[in-house]
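A.B. asks: Below is one structure. I have some questions about it.
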Amino acid sequence: MLSENTIRIIKSTVPVLEVHGTEITRRFYKMMFSNHPELLNVFNHANQKRGRQQQALANTVYAAAANIDRLGDILPAVKQIAHKHRSLGITADQYPIVGENLLAAIKDVLGDAATDEIIGAWAEAYGVIADVFIGIEAQMYEEAEKQEGGWAGFREFKVERKVKESDVIMSFYLVPMDGGPIASFVPGQYISVKLNIPGDPYTHLRQYSLSDAPGKPYYRISTKREIGYGDDPDGMVSGYMHDSVQEGDVLRLSAPAGDFVLDLEDTRPVVLISGGVGLTPTLSMLKTLVERQPERKAVFIHSARNGAVHALRDEVEALASSHPQIGAFWSYSQPTDEDRAEQAYQHEGLIDAKWLRTVLPDGEASYYFCGPVPFMQAINGALRELNVPEADIHYEFFGPKGSLEEP
Ligand code: HEM
């Protein structure tokens, strides 16, 4: 238990740290990677370059610290992160490394203002926060291993089939090398792939949503080739997956994880909205719905730039045409002349409340959405405009959690 005095110090210094947040975390990562270069094999270098991971970790430590006397309030957020950590194989012995370097960075940036009392209080608070994560993750590792067909750590899978789904999306069908059963999952969950790229000194870890329904003898992931834009270079890992990983190759996978999952107890209509490769979890949800809740009404809405990059369209259309309870709608932001000639979409431009209203089911429904950040902000804004209660809205970001507030 932290003393009253420690809690007081933490709460009064959170705003100070928030002011210097970016500087502290930038310093923290620099120090940590210099002291522990092996961690460069664990963190996503592209996220590091964009600063998104810096913000995510810092914001969480401050949010946890601000709630240090009622950590129970932030448990849902902790669980979401713990899923990611478990999927990445983060271990308890790595927590002190993060703690030591974070404290050293705080000291460095605040200078004389960081008295021994303040640093001592933060060391204690970090210990309490880390213990909460470590405890939840230990439980998750145990559950992953105990589940039928489950495993802890990474397991080898062979690429049984590689299928081009659009100009930018490729599916990989993965079967375990050991021939054993594979853990079931809840639609919406993801796996991590651990990769070594020839000529590159680091190991890379990436999360991909499972895009098929559970209960198959394989896992399917559908990955997007990340094409560089502005200062962002082409995605090295996604390019390697598309160009170099071939049928017969072996990939290392961690067991399914994640809390963006379809609630199969709910019987109300479900609305699945995706942008780009964000359709992978929503397609898994749709495929599961027709198998497990064939009576449940579902509306599947997908936004793509145009028909050339619209993946897995046939799969969704086949489901919609054989299941009258499913509606499927396409929105293209920049349709090609061919798309126009074929009348390949129902809506042109960015999805807004006005169009959404015309395709949504009447009455209450559950909403699930996933896609690029600006898309997610627009969908969230539109659903709010349509007075959808917050409790009925579920979403997942690609990569570190961002903000749904429009800039
Ligand atoms: C991801 C917080 C400890 C490694 C994250 C995310 C948050 C976070 C907020 C983003 C989750 C998301 O994707 O939405 C924390 C906090 C920690 C902690 C508050 C301490 C109390 C650690 C430790 C390690 C670690 C000890 C291992 C050295 C990672 C990695 C990611 C991640 C590799 C994935 C993001 C990427 O590579 O871009 N963590 N973390 N974290 N965390 Fe932690």
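A.B. asks: Taking the inverse of the average 1/r across all pairs of different Cα atoms in the stretch 1-45, what Kirkwood radius in Å do you get? Let's see the in-between values first.
C.D. replies: On the way: mean 1/r = 0.0792 Å⁻¹.
In the stretch 1-45 this quantity evaluates to 12.6 Å.
A.B. asks: Considering the alpha-carbon set of the stretch 60-194 alone, what are its Rg and its Dmax in angstrom?
C.D. replies: Reported Rg and Dmax, both Å: 19.8, 60.
A.B. asks: Mind checking the log10 I(q)/I(0) for the stretch 347-387 at q = 0.22, 0.28 Å⁻¹? Debye, one equal scatterer per Cα, no solvent, two decimals.
C.D. replies: -0.75, -1.16
A.B. asks: Per residue, how many Å² of accessible area does the chain show with a 1.4 Å probe?
C.D. replies: Here the residues of the chain average 47 Å² of exposed surface.
A.B. asks: Rounded to the nearest 10 Å², what accessible area does D108 have for a 1.4 Å probe in the complete protein model?
C.D. replies: Near enough 80 Å² of accessible area.
A.B. asks: Here's something else I'd like to know. So how much accessible area does H310 have, in Å² to the nearest 10, using a 1.4 Å probe?
C.D. replies: Spelled out: H310, probe radius 1.4 Å, area about 10 Å².
A.B. asks: A follow-up question, please. Measure nothing but the geometry: give the 0 to 90° angle between the long axis through the Cα atoms of 75-88 and the longest principal axis through the Cα atoms of the chain, rounded to 10°.
C.D. replies: 80
A.B. asks: Among rounded, prolate and oblate, which fits the stretch 273-339 when a ≥ b ≥ c are the square roots of the eigenvalues of its C-alpha gyration tensor, a/c under 1.5 means rounded, and a/b larger than b/c means prolate?
C.D. replies: Because a/c hits 1.5 or more and a/b exceeds b/c, the stretch 273-339 counts as prolate.
A.B. asks: For the stretch 243-316 and the stretch 115-159, what is the separation of their Cα centres, given in Å?
C.D. replies: After rounding, the separation between the Cα centres reads 28 Å.
A.B. asks: Here is a follow-up. If the stretch 1-138 were replaced by its equivalent ellipsoid, with semi-axes equal to the square roots of 5 times the Cα gyration tensor eigenvalues, what would those be, largest first, whole Å?
C.D. replies: Ellipsoid half-lengths, sorted descending, are 22, 19, 13 Å.
A.B. asks: Quick one: what are the phi-derived ³J(HN,Hα) couplings along the stretch 251-267, Karplus 6.51/-1.76/1.60 with θ = phi - 60°, whole Hz, x for glycine and proline?
C.D. replies: Rounded to whole hertz, the list is 10, 9, 10, 8, 5, x, 8, x, 10, 8, 10, 6, 7, 8, 7, 6, 10.
A.B. asks: Based on Cα coordinates alone, diagonalise the gyration tensor for the stretch 227-276, multiply each eigenvalue by 5, take square roots, and list the semi-axes in whole Å, largest first.
C.D. replies: Here the semi-axes work out to 32, 20, 11 Å.
A.B. asks: Then there is this: Quick one: the Cα spread of the chain along its three principal axes, in angstroms, biggest first?
C.D. replies: Principal axes ranked by extent give 69, 49, 44 Å for the Cα atoms.
A.B. asks: If you roll a 1.4 Å probe over the chain with all protein chains in place, what percent of the accessible area is carbon or sulfur?
C.D. replies: Within the chain, the accessible surface is 50 percent carbon and sulfur.
A.B. asks: What's the angle, to the nearest 10 degrees (0 to 90), between helix 279-292's Cα axis and the longest principal axis of the chain?
C.D. replies: That works out to roughly 60 degrees.
A.B. asks: Mark the label point 7 Å from the Cα of T203 along Cα→Cβ and return the residues of the stretch 11-51 whose backbone N is within less than 15 Å of it.
C.D. replies: 37-45
A.B. asks: Given the pairs K79/K216; K194/K297; K30/K164; K84/K216, which are separated by over 29 angstrom at their Cα positions?
C.D. replies: Over 29 Å Cα-Cα: K194/K297; K30/K164.
A.B. asks: Next question. In whole Hz, what ³J(HN,Hα) sequence does the stretch 229-236 give by Karplus (6.51, -1.76, 1.60; θ = phi - 60°), x for Gly and Pro?
C.D. replies: Those phi angles translate into 8, x, 7, 7, x, 4, x, 5 Hz.
A.B. asks: Let me ask something else. Using only the Cα atoms of the stretch 146-240, build the gyration tensor, take square roots of its eigenvalues as a ≥ b ≥ c, and label the shape rounded, prolate or oblate: rounded if a/c is under 1.5, else prolate if a/b is larger than b/c, else oblate.
C.D. replies: prolate
A.B. asks: Could you work out the relative contact order of the chain, using alpha carbon pairs under 8 angstrom and six or more residues apart, expressed as a whole percent?
C.D. replies: Numbers: 661 pairs, mean separation 56.7, N = 407.
Here the relative contact order equals 14 percent.
A.B. asks: If one takes the longest principal axis of the Cα atoms in the chain, at what angle in degrees, from 0 to 90 and to the nearest 10, does the Cα axis of helix 373-385 lie?
C.D. replies: Approximately 80 degrees, to the nearest ten.
The values are calculated or read from the model by the stated rules, or taken from the named source; none is laboratory data. None of these values were measured; they are calculated from a predicted model. Backbone-built Cβ (ideal geometry, glycine too); neighbour counts: all protein chains shown. Accessible surface is based on the protein model in full, side chains and every heavy atom, while ligands, DNA and RNA are left aside. Shrake-Rupley method; radii C 1.70, N 1.55, O 1.52, S 1.80 Å.
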